[in-house]
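Have a look at the structure below, then the notes.
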Amino acid sequence: MWHWYSLKTTKVEKKIIAVVGATGLQGTGVVNALVKEGSFTIRAVTRNPTTYQGKAHEVVQGDLTDLASMTTAFRGAYGVFVVTNFWEGADELAQGTLAVEAAQNAQVQHFIWSTLPNVEKISDGQFTVPQFTGKATVDEVVKNAGFAQYTFVQPPFYFQNFHGHTAPHQQQDGSIGWTLPIDPTKKVLHMADIHDLGKVVAGAFLHPEKVGNGTYLSLAAEVNSFHDVVEAFKANGKDYTFYQVPAEAFANFFEGAEAVAQLLGYMEAYTYMGPNSEGQVQSATEIATEPFTPLKEWIKASC
């Protein structure tokens with residue numbers, strides 16, 4: 001006798017990754033890389049979900065100053081990616097700590113924190129760079145939170161900065177280029193397309209057994225000097241100049257110039273990612289889901 005059985009196919013639910021700052025440069029790159037990779041359901045977390053136009057599969061409201069909203073935003077998520085924005089006036093220690101607490105409340109398994117080197121600690125107080133150190137102070141909070149997996153990613157000097165605060169300007173001699181307080185021969189600029197951070201984050205969520213024990217992943221497609229930058233633009237038909245100026249003089253050029261001088265002074269002395277960061281750069285390159293875009297290619301496509 002034949003028996004016919006109806007076989008039900010059960011759809012495997014994909015794990016959810018919640019991405020904070022999904023409308024910013026970092027968050028957009030993370031969302032796009034994770035969506036492209038295809039293993040997870042991606043949830044964008046933003047203060048204004050009604051205006052979200054990105055590629056995430058779902059969007060929820062969440063504010064890094066409101067614990068209840070963040071706990072709700074993280075609920076049901078396997079992993080979260082969190083970045084804070086110093087330039088919006090964020091208290092990064094407070095916001096990072098709140099995000100950790102919300103993730104604990106929501107029983108998140110894998111917490112990925114976007115951080116940067118602790119400049120004051122590295123330089124023994126010689127340089128002050130709050131947009132780096134404010135993020136670094138959250139690292140200990142993440143380490144002590146008891147997550148099953150946690151990973152640190154460090155974004156580089158973005159190629160996109162050449163469209164923003166490090167854009168070339170007309171110089172006194174009429175040329176276009178840069179006048180900055182840094183030795184242009186020193187290879188200290190860890191650089192990449194900021195959207196490539198998503199490739200690192202996607203790789204980390206895919207392989208928590210490799211990097212979920214507090215590994216630092218420092219994104220750098222290249223480590224350049226400003227002379228290298230000038231040559232890359234020149235290779236794309238843009239004949240820019242570079243002039244070095246003493247930090248003391250530069251600090252008076254415009255409002256906020258002292259802060260720029262502090263950052264460049266730190267980089268010249270210790271590199272963007274800090275001393276002994278080669279292993280962290282290598283780990284990020286190895287875990288990434290795709291190769292990184294070189295500067296010359298980015299210039300060709302974007303400038």
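Going residue by residue through region 176-184, is there one that turns out to be open to solvent by 20 Å² or more (accessible area, probe 1.4 Å), of a type in the set (A, V, I, L, M) and part of a loop (DSSP other than H, G, I, E, B)?
Checked region 176-184: no residue is open to solvent by 20 Å² or more (accessible area, probe 1.4 Å), of a type in the set (A, V, I, L, M) and part of a loop (DSSP other than H, G, I, E, B).
For region 233-257: of the residues being in contact with a Pro (Cβ under 9 Å, 6 or more places away or on another chain) and part of a loop (DSSP other than H, G, I, E, B), which is nearest to residue 292 (Cα to Cα)?
Of everything passing the filter in region 233-257, 238 is nearest to residue 292 (Cα to Cα).
Do we have residue 23 as under 25 Å from residue 193 (Cβ atoms), touching a helix residue (DSSP H, G or I) at 6+ places or on another chain (Cβ under 6 Å), outside any helix (DSSP H, G or I) and among the polar types (S, T, N, Q) here?
no
In region 161-173, what residues are surrounded by fewer than 16 Cβ atoms within 10 Å (Cβ to Cβ) and either in contact with an Asp or Glu (Cβ under 6 Å, 6 or more places away or on another chain) or in a helix (DSSP H, G or I) (or both)?
Answer for region 161-173, where residues must be surrounded by fewer than 16 Cβ atoms within 10 Å (Cβ to Cβ) and either in contact with an Asp or Glu (Cβ under 6 Å, 6 or more places away or on another chain) or in a helix (DSSP H, G or I) (or both): 161, 163.
Contact list please: Cβ distance under 9 Å, first residue in region 253-264 and over 11 Å from residue 127 (Cβ atoms), second residue part of a helix (DSSP H, G or I) and β-branched (Val, Ile, Thr), pairs at least six apart or on different chains.
The qualifying pairs are 253/260; 254/260.
Could you list, in sequence order, all residues of region 91-105 that are in contact with a Ser or Thr (Cβ under 6 Å, 6 or more places away or on another chain), hydrophobic (A, V, I, L, M, F, W, C) and surrounded by fewer than 18 Cβ atoms within 10 Å (Cβ to Cβ)?
Result: 93, single match.
Taking region 108-147 on its own, how many of its residues are farther than 30 Å from residue 258 by Cβ and either touching a Phe, Trp or Tyr at 6+ places or on another chain (Cβ under 9 Å) or surrounded by 16 or more Cβ atoms within 10 Å (Cβ to Cβ) (or both)? Break it down stepwise before answering.
The first filter runs over region 108-147 and keeps only residues farther than 30 Å from residue 258 by Cβ, leaving 108-112, 142-147.
This time we only want the ones that are either touching a Phe, Trp or Tyr at 6+ places or on another chain (Cβ under 9 Å) or surrounded by 16 or more Cβ atoms within 10 Å (Cβ to Cβ) (or both), so: 108-112, 142-143, 145, 147.
Matching residues across region 108-147 total 9.
Being part of a helix (DSSP H, G or I) and surrounded by 22 or more Cβ atoms within 10 Å (Cβ to Cβ) narrows it down to one of 230, 260, 200, so name that one.
The match here is 200.
Checking residue 38 against (1) crowded, with 18+ Cβ neighbours inside 10 Å; (2) over 20 Å from residue 67 (Cβ atoms); (3) not basic (Lys, Arg), which single condition isn't satisfied?
In the conditions (1) crowded, with 18+ Cβ neighbours inside 10 Å; (2) over 20 Å from residue 67 (Cβ atoms); (3) not basic (Lys, Arg), residue 38 misses (1) alone.
Report the residue count in region 28-49 for those that are outside any helix (DSSP H, G or I) and over 19 Å from residue 62 (Cβ atoms).
2
Restricting the search to region 206-227, which residues are surrounded by 17 or more Cβ atoms within 10 Å (Cβ to Cβ) and either part of a loop (DSSP other than H, G, I, E, B) or not β-branched (Val, Ile, Thr) (or both)?
Across region 206-227, the qualifying residues are 208, 212, 216, 217, 218, 219, 220, 221, 222, 224, 225, 226.
Only residues that are open to solvent by 70 Å² or more (accessible area, probe 1.4 Å), modelled with pLDDT of 95 or more and not in a loop (DSSP other than H, G, I, E, B): list them for region 51-78, please.
61, 72
When the residues of region 263-282 are filtered to those that are open to solvent by 40 Å² or more (accessible area, probe 1.4 Å) and of a type in the set (Gly, Ala, Ser), which remaining residue is nearest to residue 204 (Cα to Cα)?
Across region 263-282, the extreme among qualifying residues is 279.
The values are calculated or read from the model by the stated rules, or taken from the named source; none is laboratory data. What you are looking at is a predicted structure, and each value in this text was computed from that prediction instead of being measured. Note that each Cβ is placed from the backbone with ideal geometry, even for glycine, and that neighbours are counted across all protein chains shown. Keep in mind that these areas ignore ligands, DNA and RNA; they rest on the heavy atoms of the full protein, side chains included. Shrake-Rupley method; radii C 1.70, N 1.55, O 1.52, S 1.80 Å.
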